[in-house]
Amino acid sequence: MLDRRLHLHLATWLGQWPAGPGLHVVGSWRRARPAWDGRLRPAVAVRAGASGVLSVPPDRVAAVRELTRRPDRLLRALPGAVGHTGWATHDDVFRWSVAPAPLPDVGEWISPGTAGLPSWLRLFDRAVLVVRDDEGRYLAGVGIKRHDRYGHELAVGTVPAARGRGLARRLVAQAARRVLDEGAVPTYLHDRRNAASARVAQAAGFSDRGWRSYGVYPS
């Protein structure tokens, strides 16, 4: 059975869930308003097996439904269909976990405005989870994208010199436990070709259930 928090997250984030067989294009006001980082996400889709929901701005539903008649062109033509020609279409594995791996905590929660953090972590408006070396230099970190009250997506990054130590998986598991404690379900998205991110997710307790997410996002 699908976790209730995940069900509520998808229904809220996309505008509809669940879906019957096929791809269902739905309009949502969320696609026309800034997301967690103040930037638009004019198209977001989640597909589970043969069923999926593609969420777009209400005034773009008809154009995108017409586009879905040609599945071979969908990802390439989707940015233009939602009014953002030139933006990229991201194609990801969609994972979630309600039982993160019991890995030991490794990071500390600090302000995203703390000196020395990479620019991507400074996009967050709440505490981020980081590992620093003995001299206070950033090694790895996780930020939480709070899409809605029910679903929080984890983003992780490690500097090249610190990779291979298991920091990312421990940070993801630690952050996932915090999200669950807050009453939401933690999600994790990564490019289907990113084997390293897939290994981190799997080790942290985020299994690949064959779900997919894609969408039009700013670079």
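Only the coordinates and a few stated rules stand behind these numbers; no lab work does. Computed from a predicted structure; not experimentally measured. Quick reminder, even Gly has a Cβ in these numbers, built from the backbone with ideal geometry, and neighbours come from all protein chains shown.
A few notes on this one:
- Assigned charges on the beta-carbon of Lys, Arg, Asp, Glu; the chain dipole about Cα centre (debye): 500 debye
- Per-residue packing, averaged as other Cβ atoms within 10 Å, sorts the ranges 63-71, 196-204, 182-190 into the order 182-190, 196-204, 63-71, beginning with the highest.
- For region 1-119, the average shadow cast by the Cα convex hull is 10.1 nm², which is a quarter of the hull's surface.
- Each Cα pair under 8 Å and six or more residues apart adds its separation to the average, and for region 8-82 the resulting relative contact order is 29 percent.
- Alpha-carbon Rg/Rh ratio, for region 79-143, with Rh computed the Kirkwood way: 1.12
- Entry for region 89-219 at q = 0.13 Å⁻¹: log10 I(q)/I(0) = -0.50, Debye formula applied to identical alpha-carbon scatterers, no solvent contribution.
- Alpha-carbon spread of the chain, three principal axes, descending order, Å: 56, 37, 29
- A Cα-only calculation for region 110-163 places Rg and Dmax at 11.5, 37 Å.
- Along the axis of the charge dipole computed for the chain (Cβ charges of +1 for Lys and Arg, -1 for Asp and Glu, origin at the Cα centre), the listed residues Pro186, Leu171, Val44 are led at the positive end by Val44.
- Under 5 Å between amide hydrogens, built in the peptide plane, is the criterion, and for Gly151 it picks out Val185 among residues at least 5 positions away or on other chains.
- For Ala63 and Asp133, a Förster radius of 45 Å and the Cβ-Cβ distance give a FRET efficiency of 0.35, rounded to the nearest 0.05.
- Peptide packing for 157-168, 51-62 was compared via the average number of neighbouring C-beta atoms within 10 Å per residue; ordered from the highest value, the list is 51-62, 157-168.
- A helix-only calculation puts the chain at -6500 deg cm²/dmol for mean residue ellipticity at 222 nm, using -39500 (n - 2.57) for each DSSP H run of at least four residues, averaged over all residues.
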